[in-house]
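Notes to accompany the following structure.
What follows is calculated from the coordinates using simple rules that are stated; it is not laboratory data. Since the model is a prediction, treat every value here as computed from it, not as a measurement. Glycine gets a Cβ as well: all are built from the backbone with ideal geometry, and neighbour counts include every protein chain shown.
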Amino acid sequence: MPELMSELMSEQRTADGAAQVVAAQDGAAQDGAAQDVAAQVVAVLIERGLTIAVAESLTGGLLAAALIGVAGASATVLGGVVAYNTALKHSVIGVDADLLAQQGPVHPEVARQMADRVRSALAVNGVPADIGLSTTGVAGPGPQGEHPAGTVYLGFAIGDDVSSLRLELTGDREAIRNGTVSESLSRLIMALESR
């Protein structure tokens, strides 16, 4: 069973040493859990009249697929961008090129900018999405620079609140990618329910 360590970081606050360890589910159970949470996310967004756009790197479209797999998602999901190549994070989503050059794609500020800027990148008739959600990190099997496999940053842009969450996942490439989807949806539903 893969393990997960997370650390919440936002522009307003940073939780340095207050990392939370939770267990992630494995394989098919993880996929089913992601679909259940995706259905909750879509239901809450529809109920509140909110739209969402996603920007993905290591998840390669799995996050958008989980949301779009829910009946009625077209009422709330504007779309998604898979920016697997680092240059696309700048040219398509609008992440700061200097940030990418200095820090690389696996960084909390990259996740925040991806989430914030995908809302405008996928605007419909000039109206940006209400919520942006992003994933960037190292799926493995090996490390990327100083980042070991399983280092993941999620980005959340809800209204004026833009934040990131660091995950440290274990397991194979599939478990890391699926765990990222499950955690991003779970954390989003928690954020929405707390508003």
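Working ranking of peptides 64-70, 82-88, 140-146 by packing, defined as the average number of other Cβ atoms within 10 Å per residue, highest first, is 64-70, 82-88, 140-146.
Here is the P(r) of region 147-195: all C-alpha pair distances, binned every 10 Å from 0, give 25, 50, 21, 4 in whole percents.
Highest-first packing order for the peptide set 53-62, 156-165 is 53-62, 156-165, based on the mean count of other beta carbon atoms within 10 Å.
Rg then Dmax, both in Å and based on the Cα atoms of region 68-130: 13.0, 41.
Once both labels are positioned 7 Å from their Cα atoms along Cα-to-Cβ, the gap between Glu193 and Ala75 label points is 2.1 nm.
Where does each of 106-115, 181-190 land if you order them by average Cβ count within 10 Å, highest first?
Working: 106-115: 25.2, 181-190: 22.0.
Descending mean neighbour count gives 106-115, 181-190.
Note on Asp36 and Asp172: with the Förster distance fixed at 30 Å, the Cβ-Cβ geometry gives a FRET efficiency of about 0.85.
A Förster radius of 22 Å combined with the Cβ-Cβ distance from Asn85 to Leu50 puts the calculated FRET efficiency at roughly 0.15.
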